[in-house]
Amino acid sequence: MIMVDTSAWIEYFRNGEPRIVNKVDLCLEENLIGMGDLIYCEVVQGIRSARERKEVSGLLRSLPQFDMVGFDIAEKSAFNYRLLRSKGITIRKTIDVLIGTFCAENGMQLIHNDVDFKRMAKHIDLTLV
């Protein structure tokens, strides 16, 4: 299963960076993408138009759904954040540490367009697509 981070969904829905759009398209065609609750929240909260929100929500909710945060992931994410800080790496958003940790802990790959995931990947065994 592959997660698509909010940063990649934004590229996809805006028909932006072709490298990312093509990855998402291919994974959608092959039914490889799951939808995490945190990512769903980030994507949907950024949509202003009710019509577009309904269309995007319909697509995202049709994917296999995952609850990304519970106490175990919260604890592991806090550990990962401290680990990264000890290496001089500051991740800008806590939600990215939560998403990265969830994917790493569950053996899921991640499609993204965010430098923070690149910076954390090798330290938390996160596989990026």
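Starting from segment 8-21, take each residue that is of a type outside the set (Val, Ile, Thr) and list its partners that are part of a helix (DSSP H, G or I) and surrounded by fewer than 16 Cβ atoms within 10 Å (Cβ to Cβ), counting only C-beta distances under 8 angstrom and pairs at least six apart or across chains.
Cβ pairs passing all conditions: TYR12/ASP25.
With crowded, with 19+ Cβ neighbours inside 10 Å and at pLDDT 95 or above as the only criterion, which of ASP116, ASP72, ASP67 stands out?
ASP116
Those residues that are buried (at least 16 other Cβ atoms within 10 Å of the Cβ) and touching a helix residue (DSSP H, G or I) at 6+ places or on another chain (Cβ under 6 Å), I need them from segment 6-37; list them, please.
Scanning segment 6-37 gives THR6, ALA8, TRP9, GLU11, TYR12, ILE20, VAL21, VAL24, ILE33, MET35.
Please work out if PHE102 is of a type outside the set (D, E, K, R), more than 20 Å from GLU11 (Cα to Cα) and out of contact with any helix residue (DSSP H, G or I) (no Cβ under 6 Å at 6 or more places or on another chain).
In short, no.
GLY58: more than 15 Å from the chain's Cα centre (by Cα), small (Gly, Ala, Ser), loosely packed, with under 11 Cβ neighbours inside 10 Å and not in a helix (DSSP H, G or I), yes or no?
no
Residue by residue through segment 61-70, note down the ones that are under 15 Å from ASP5 (Cβ atoms) and part of a helix (DSSP H, G or I).
If the condition is that a residue be under 15 Å from ASP5 (Cβ atoms) and part of a helix (DSSP H, G or I), then no residue fits.
Need pairs with beta-carbon distance below 9 Å; first residue more than 18 Å from ASP96 (Cα to Cα) and within segment 62-75, second in a loop (DSSP other than H, G, I, E, B); sequence gap 6+ or separate chains.
LEU63/ASN31; PRO64/MET1; PRO64/ASN31
Considering each of THR127, THR94, THR101 in turn, give the residue that is under 24 Å from LEU28 (Cβ atoms) and at pLDDT 95 or above.
Within the list THR127, THR94, THR101, the selection yields THR127.
Among the residues in segment 28-51, are any part of a loop (DSSP other than H, G, I, E, B), more than 16 Å from the chain's Cα centre (by Cα), of a type outside the set (S, T, N, Q) and over 17 Å from THR6 (Cβ atoms)? Spell out how you get there, then give the answer.
Taking segment 28-51 as the starting set, the residues that turn out to be part of a loop (DSSP other than H, G, I, E, B) are 30-32, 46-49.
Filter again for more than 16 Å from the chain's Cα centre (by Cα), leaving 30-31, 47-49.
If we keep only those that are of a type outside the set (S, T, N, Q) as well, we get 30, 47-48.
With the extra rule that they be over 17 Å from THR6 (Cβ atoms), the set shrinks to 30.
Scanning segment 28-51, I find at least one residue that is part of a loop (DSSP other than H, G, I, E, B), more than 16 Å from the chain's Cα centre (by Cα), of a type outside the set (S, T, N, Q) and over 17 Å from THR6 (Cβ atoms), so the answer is yes.
Do the conditions hold for VAL44, that is, is it free of Cβ contacts under 8 Å to residues at least 24 places away in the same chain and under 16 Å from LYS122 (Cα atoms)?
Against the criterion (free of Cβ contacts under 8 Å to residues at least 24 places away in the same chain and under 16 Å from LYS122 (Cα atoms)), VAL44 does not qualify.
What number of residues in segment 81-117 are hydrophobic (A, V, I, L, M, F, W, C), free of Cβ contacts under 8 Å to residues at least 40 places away in the same chain and within 26 Å of LEU32 (Cα to Cα)?
Of the residues in that region, 3 qualify.
The values are calculated or read from the model by the stated rules, or taken from the named source; none is laboratory data. Note that the coordinates shown come from a computational prediction; the quantities given were computed from them, not determined experimentally. A quick note on method: Cβ atoms are made from the backbone with ideal geometry, for glycine too, and the neighbour counts reach across all protein chains shown.
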